[in-house]
Amino acid sequence: MSGSGPAMTSGADLWTWTPVAHDKRFARAHHTCTPIQGRLYVYGGVKSADPKDPPLNDIVTFDPEQTAAKSGARSGPFRRSHHDAAVLNNRWLCVVGGWDGARRLSTVCSYDTQTEEWASWAEEPSSNPPAGLSSHTCTKASDRELCVVGREGGLRTQRRYASVYTLHVNASAKTYRYKEEESRTASRSGHAATFLQSGIRHLTGRAWSLFVFGGREAAAGDLVGKWEAGKIQEDASPDSRLSEQLSQLVASDKAKSEAPRSLRYHSCSAIGPFLVVYGGETFTRSRDAICNDLYICDTRCTPMSWFRFPGSDPLQKRVGHRTCLLNGRLYLVGGFGADGRTLCPEISVLHIQ
């Protein structure tokens, strides 16, 4: 990457994605990528931009210590794309909703990382499920509760607002129950969601809200609902060196104060008090709509502040990808490239100068 010209004025010389693995099994989009016991578990997604092609049903793991990929013992019985997933009890990959090639689902299934077995979960009689889910978010509150927001297309589309559901899960019994909450957000799909503490983040005794942004043709995000202190299961790992680097980056003279606008199918990862958003497709351009901009949100101040660091390498444009924090490093996995059709078979790591 050049160290002169526009990159110097934009701040693009301060960061880059460095490839650490290349494998055709990572070439997919609208998949999930979940860290479990020191490995990344990549599940499902699509292998082409043709909507007639069925979604994938395989698990591929990545061990960063060996920089090697490994396929699961066998392909699973569940095909999914545009789904979401969370790890429960540091063992089960819990998959919620998604497109199976024929319809959008709100069902739950899981993959046991110890036995390498798939299981379909039973819905409790008192459950009040949403219509079929795709391009939604499923944000972990605890090993017993997930928060589901948004969806796209199909029957009962909510054009004016999106309902918020608490998904009660029992990994041992393999049962689930949806409860619709009173809170709502603007109608969204292909968005991102993460829990933030109200007021100053990481102070004890403060309530939590779900921050939902992107997935619609508007820049503003929503703070949704209220969870009392102690209801959200926080990451016990200490802030990494990466968090320190992000702090230095937003304090640099290259930091441009600007929030993401009208993005969908981007990625978002929480790293200490920072949100790191990358790539996605913008609604504001009919051509060259796929982005390679890095946005950092600093939640240490009120109101929280966004900073934009434009990308200068068109080969790093991504949409339908995932970013995932593991062992203090942020990984970029899969997705479509600049043309929206070519899949990226690399796993890369964020490198900050």
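The values are calculated or read from the model by the stated rules, or taken from the named source; none is laboratory data. Here the structure is a predicted model, which means the values were calculated and not measured. Cβ placement follows ideal geometry from the backbone for every residue including glycine, while neighbour counts extend to all protein chains displayed. Side chains included, ligands, DNA and RNA excluded: accessible areas come from the protein's heavy atoms. Shrake-Rupley method; radii C 1.70, N 1.55, O 1.52, S 1.80 Å.
Brief remarks on what is shown
- Over the C-alpha atoms of the chain, the Rg to Rh ratio, Rh being the Kirkwood estimate, stands at 0.94.
- Per residue, the average separation of C-alpha pairs within less than 8 Å and at least 6 apart gives the chain a relative contact order of 17 percent.
- Over every Cα atom in segment 56-160, the radius of gyration and the widest Cα-Cα span, Dmax, amount to 14.8, 48 Å.
- Accessible surface, per residue, of segment 231-322 when the full set of protein chains is kept, probe 1.4 Å, Å²: 47
- Computed from backbone phi, the HN-Hα couplings of segment 115-131 come to 9, 6, 10, 9, 8, 8, 8, 9, 8, 5, x, 7, 5, 10, x, x, 4 Hz, rounded to whole numbers (Karplus: 6.51 cos²θ - 1.76 cosθ + 1.60, θ = phi - 60°; Gly and Pro given as x).
- Span per principal axis, largest first, for the Cα atoms of segment 31-112 (Å): 37, 26, 19
- Label point distance in nm, A219-R206, each placed 7 Å from Cα along Cα→Cβ: 2.4
- Segment 267-353: translational diffusion in µm²/s, Stokes-Einstein, Kirkwood Rh over Cα pairs, 25 °C, 0.890 mPa s: 181
- Around C109: net Lys/Arg minus Asp/Glu count, Cβ-Cβ under 13 Å: -2
- Cβ-based charge dipole, segment 214-352, positive-most Cα from V250, L223, T282: T282
- Amide proton proximity set for S142, modelled H, under 5 Å, gap of 5+: Q233
- Candidate cross-link partners of K52 among the aspartates and glutamates, defined by an alpha-carbon separation under 17 Å and a same-chain spacing of 8 or more, comprise D100.
- Of the solvent-accessible surface of the chain, computed with a 1.4 Å probe and all protein chains present, 46% belongs to carbon and sulfur.
- Between K47 and Q66, the contour length at 0.36 nm per residue exceeds the alpha carbon distance by 4.3 nm.
- Zone residues, segment 134-152, relative to Q114, backbone N less than 18 Å from point 7 Å out along Cα-to-Cβ: 143-144
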